[in-house]
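Just below is one structure, and these are the notes that go with it.
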Amino acid sequence: MLADTLRTIAASLESPVIAFLLFLIAAVIFMTGTIVVEFFTSRLQLKAALPQLADKLRSEKENTVGVIKSAGLLKRQVAALVELTEHPLLTSTAREALAVRLVTTERTHYEGIVKVTDMIAKLGPMFGLLGTLIPLGPGILALGRGDTYTLSSSLLVAFDTTIAGLIVAAVAVVISAIRKKWYGEYMASLEMVMECVLEAENDREIQ
């Protein structure tokens, strides 16, 4: 009785598992499109030469905002750096606290994007395995009855879901790896430029 109940529950999960795998495939296709768009709209436009930018910020302390906007940084980086300069009444300690908050906000933003594909990479094989095991139950029963058609259909579903889950996970892992590399570079450059902006603002405050 209990075994029959478990078998019924498992059989009822087959369609939801396949539907969720199809959803993951659609999500991976969408994420692939977003990373291609991001490459052409953001990655290729990042043309900031950081050493020269640092020198320029130190030499043109009265035009910090202008230097930032013309440096070839990403829009999010520019917005964070300009935000740091828009509060001239802050003390150096308060300005450093603001810089930490801005950096944390940017890091949280990028981590949130990467978490999506990280989650897909974990869920793909799990649901692929579920889609493999669930049809094997009816397939084994069909084998006992000599029903080769039902057996072959069950094995086909099992193989298809396994392949789908692995492909989804593989693509998601690649997207996550690329984005982690990009976002690591973005955060390193933002922190470096922000240090230069802090120095420029603190020097202007002393003067």
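Every number here is computed from the coordinates shown, using simple stated rules; none is lab data. Every value quoted in this text rests on a predicted model; they were computed, and no experiment measured them. Reconstructed Cβ throughout: ideal geometry from the backbone, glycine too, with neighbour counts over all protein chains shown.
Listed values, structure above:
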item: For the chain: lysine pairs under 20 Å (alpha-carbon distance), excluding those fewer than 8 apart on one chain; result: 14
item: Three semi-axes of the equivalent ellipsoid, region 2-206, Cα gyration tensor, whole Å, largest first; result: 56, 16, 10
item: For region 43-103, size of Cβ-based charge dipole, Lys and Arg +1, Asp and Glu -1, in debye; result: 300
item: Whole-number percent relative contact order across region 1-136, with pairs defined as alpha carbons under 8 Å at least 6 apart; result: 39
item: Cα extents of region 1-68 along the three principal axes, largest first (Å); result: 81, 24, 17
item: Segments 132-143, 37-48 sorted - mean Cβ within 10 Å per residue, highest first; result: 132-143, 37-48
item: Cα-based helix-to-principal-axis angle, 2-12 vs the chain, degrees rounded to 10; result: 60
item: Karplus-derived 3J(HN,Hα), 6.51/-1.76/1.60, for each residue of region 98-115, Hz, glycine and proline x; result: 5, 4, 4, 5, 5, 5, 4, 4, 5, 5, 5, 4, 5, 5, x, 5, 5, 4
item: Rounded tilt (10° steps) of 148-206 against the dominant C-alpha axis of the chain; result: 10
item: Region 93-207: C-alpha gyration tensor shape, a/c 1.5 cut-off, then a/b vs b/c; result: prolate
